[in-house]
Amino acid sequence: MNNTSVKSDFFVIKALEDGVNVIGLTRGNDTKFHHTEKLDEGEVMIAQFTEHTSAVKVRGKAIIQTSHGELDNR
């Protein structure tokens, strides 16, 4: 593993219902799914972008908190 990493603030995803999917998408020429987590109501995931993750897709009712503000996708 190399020592190069993407420095990024953390973001928080709080599930408001069972079965919220958090999907990590890769960097590079082709964007692909590379990681999936399933959260149940009340569960919280703390994450950040990395050298491998360029985007995150949240499917389901959740609150997403970032340094730029809070999103509620109910």
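No lab work stands behind these numbers, since they all come straight from the coordinates. Note that the structure is predicted; figures quoted are calculated from it, not measured. A quick note on method: Cβ atoms are made from the backbone with ideal geometry, for glycine too, and the neighbour counts reach across all protein chains shown.
Could you list the chymotrypsin sites (Phe, Trp or Tyr not before Pro) in region 10-59 that lie in coil according to DSSP, counting only those with at most 14 other Cβ atoms within 10 Å of their Cβ?
Numbers: sites: Phe10, Phe11, Phe33, Phe49; in loops: Phe10, Phe49.
For chymotrypsin sites (Phe, Trp or Tyr not before Pro) across region 10-59 that sit outside H, G, I, E and B with at most 14 neighbouring Cβ atoms in 10 Å, the list reads Phe10.
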Size of electric dipole in the chain: Cβ of Lys, Arg +1 and of Asp, Glu -1, about Cα centre, debye, nearest 20:
260
For the chain, the Cα-Cα pair-distance distribution in 10 Å bins from 0, as whole percents, is 20, 48, 28, 5
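Between Arg27 and Val12, what is 0.36 nm times their sequence separation minus the Cα-Cα distance? Round to one decimal in nm.
On the way: separation 15, 0.36 × 15 = 5.40 nm, distance 2.06 nm.
My answer for the length gained is 3.3 nm.
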